[in-house]
Amino acid sequence: MELNDLIRDLQPRTAALRRDLHAHPELAFAERRTSDVVAAHLEKLGLEVHRGLAGTGVVAVVRAGGGSRAIGLRADMDALPLDEMNGFPHRSRHAGRMHACGHDGHTAMLLGAAEALAARGAAGAFDGTVYLVFQPAEEHEGGGRVMVEEGLFERFPMEMIFGLHNWPGLPAGSFAVMEGPVMAGADRFDLRITGRGGHAAMPHQAVDVVVAGSAFVQAVQTLVSRCTDPLESAVISVTRFQAGHADNVLPEEARLGGTVRTFRPDLQDALEAGLRRVAQGIETTHRVNIELRYDRGYPPTINAAEPTFLCREVARQVAVHGEVHPHLKPSMGAEDFAYLSRVVPGCYVWLGNGPGEGGCMLHSPHYDFNDEVIPTGIRYWVRLVERILAPAA
């Protein structure tokens, strides 16, 4: 069967599957129903299915011909801890859980591609092995890191790996394919400031942690504006500041926290050192004690040259109206595909999800994946495999 005929047959079934996944969202490392649905679908296709990596992860193997080359395609499966505010029939059935980032669509498209690849491989359209990686816990919990630590690449050796994310605001069915940095690294910091509580009317008898914390918030902004090359991208955001409970009491303790984002590992090192330096200065100046915890999060997602070239070629073939954006600015958001693509060369692309008006951007309680882009996503995966694992002439 021709690929276009296959996709026409797959589109309504894949959309129905996507909506089922949307209605039953599951959080990081708890994607048990999702994992069961994915594995059952793949087993019905007669594929070799492996379960258990990172707990709920699933890896399926599609083999065609006798070729020794192998590549990987990855989709994420988890939802967000968010109350959905949509009213359509497939809205989340679980309070406090929602597919607000489109992982339901990513999973469904890769399942659709699995069916098409099984048929196309049997017809000799490619020669080699494709590993379909259904990854848990992309949202903050690092499921990709866990899969790597538990032997993903040792058990399923591949020369390249590829990822895809829907992108609201890009025209539906278009692509953004960029070499180099595409998503930032994201670290977290937590600050505990202790001083001496006292009466708000007698601040000279206390050691004011609110003033010290405020000084820290102001000072860390200079780490980007005055200590970082203006041509580099970096963001330090203090997102939490808790102190005190009464109007007339100077509190004993303040807690602050936030994130550090950049595209370069060496700049991550420099900004961490800068945060510690600022904290030491605040301690001396304001006579407080500061405990700073700095946790390394997702590394930057960097697209390698050869995989990016291949993805751009294929995207131009399958994009609606051939629309591919090669020079779109990278995002300061983070993505744990980085753990995979720093082991083997990889490329992570954005698939346009259509307009984002009305608050329907990623992580919005009004978000929904656009089922109209499912055929483009399936076609992209299949053509990418056929391009890289083309049979010898």
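Some observations on this one:
- Degrees, to the nearest 10: 209-220 long Cα axis against longest axis of the chain: 50 degrees
- The alpha-carbon positions of the range 185-298 define a convex hull whose volume is 88 Å³ per residue.
- Since only L111, G173, A243 are under comparison, the one whose Cα sits farthest along the positive direction of the charge dipole of the range 108-256, derived from C-beta charges on Lys, Arg, Asp and Glu, is A243.
- For the range 172-271, trypsin sites (Lys or Arg not before Pro) are listed when DSSP marks them as loop and at most 16 other Cβ atoms sit within 10 Å of their Cβ; the list is R226.
- Mean residue ellipticity, 222 nm, helices only, the chain: the sum of -39500 (n - 2.57) across DSSP H runs of n ≥ 4, divided by residue count and rounded to 500, is -11000 deg cm²/dmol.
- This model, with +1 at the C-beta of Lys and Arg and -1 at the C-beta of Asp and Glu, gives the range 96-193 a dipole about its Cα centre of some 200 debye.
- Gaussian network model of the chain, Cα within-10 Å springs - most flexible of V382, V278, V61: V278
- Positive minus negative residues near E31 (Lys, Arg vs Asp, Glu; Cβ under 12 Å): -4
- The range 1-103: GluC sites (Glu not before Pro) in DSSP loop, at most 16 other beta carbons within 10 Å: E2
- A Gaussian network model of the chain, with springs between Cα atoms under 10 Å, assigns the largest mean-square fluctuation among R32, R296, R277 to R277.
- The simple Förster model, with R0 at 45 Å and r as the Cβ-Cβ distance, assigns A95 and R342 a FRET efficiency of 0.75.
- Value in Å of the Kirkwood radius, where the chain supplies the Cα pairs that are averaged: 22.6 Å
- For the range 317-393, applying the loop criterion from DSSP together with a ceiling of 10 other beta carbons within 10 Å to the chymotrypsin sites (Phe, Trp or Tyr not before Pro) yields no site.
- R0 of 35 Å, Cβ-Cβ distance L328-A215: FRET efficiency to nearest 0.05: 0.40
- When only alpha carbons are used to place a centre, the range 47-75 and the range 336-393 end up 18 Å from one another.
- Value of relative contact order over the chain, rounded to a whole percent, pairs C-alpha under 8 Å and six or more apart: 24 percent
- About its Cα centre, the dipole of the range 185-298 is roughly 20 debye, where the only charges are +1 on Lys and Arg Cβ and -1 on Asp and Glu Cβ.
- Counted charge near L250, where neighbours are those whose Cβ lies closer than 14 Å (Asp, Glu -1; Lys, Arg +1): -2
- Full-extension gain in nm, E141 to D295, via 0.36 nm per residue minus C-alpha separation: 54.2 nm
- Full extension of the segment from T239 to E306, taken as 0.36 nm per residue of separation minus the current Cα-Cα distance, would add 20.3 nm.
- Choice from T239, T262, T301 with maximal GNM fluctuation in the chain (Cα, 10 Å cutoff): T239
- Each Lys and Arg Cβ is given +1 and each Asp and Glu Cβ -1; about its Cα centre, the chain then shows a dipole of about 140 debye.
- Fewest neighbouring Cβ atoms within 10 Å first, the residues R120, R33, R18 line up as R33, R120, R18.
- Neighbour counting of Cβ atoms within 10 Å sorts the residues H90, H366, fewest neighbours leading, into H366, H90.
- Measuring r between the beta carbons of D9 and L231 and using R0 = 56 Å, the FRET efficiency lands at 0.65.
- Mean sequence separation of contacting Cα pairs (under 8 Å, at least six apart), scaled by the length of the range 22-114, corresponds to a relative contact order of 34 percent.
- Across the range 185-298, C-alpha contacts under 8 Å between residues 6 or more apart give a mean separation that, scaled by the residue count, equals a relative contact order of 44 percent.
- On full extension, the segment bounded by D36 and R69 gains 9.0 nm, given 0.36 nm per residue less the C-alpha separation.
- Per-residue Cβ neighbour rank within 10 angstrom, fewest leading, M202, M85, M109: M202, M85, M109
- Rounded to the nearest 10 degrees, the angle from helix 103-122 to the longest Cα principal axis of the chain is 30 degrees.
- The chain - share of DSSP beta bridges that are antiparallel (%, nearest 5): 70 percent
- Backbone N within the range 4-18 under 13 Å of label point (7 Å from A123 Cα along the Cβ vector): 4-10
- Folded to 0 to 90 degrees: helix 32-44 orientation relative to the chain principal axis, Cα: 20 degrees
Throughout, read-outs are computed from the coordinates displayed, never taken from laboratory work. Computed from a prediction, not measured in an experiment: that's the story for all the values here. Every residue, glycine as well, gets a Cβ built from its backbone with ideal geometry; the counts of neighbours run over all protein chains shown.
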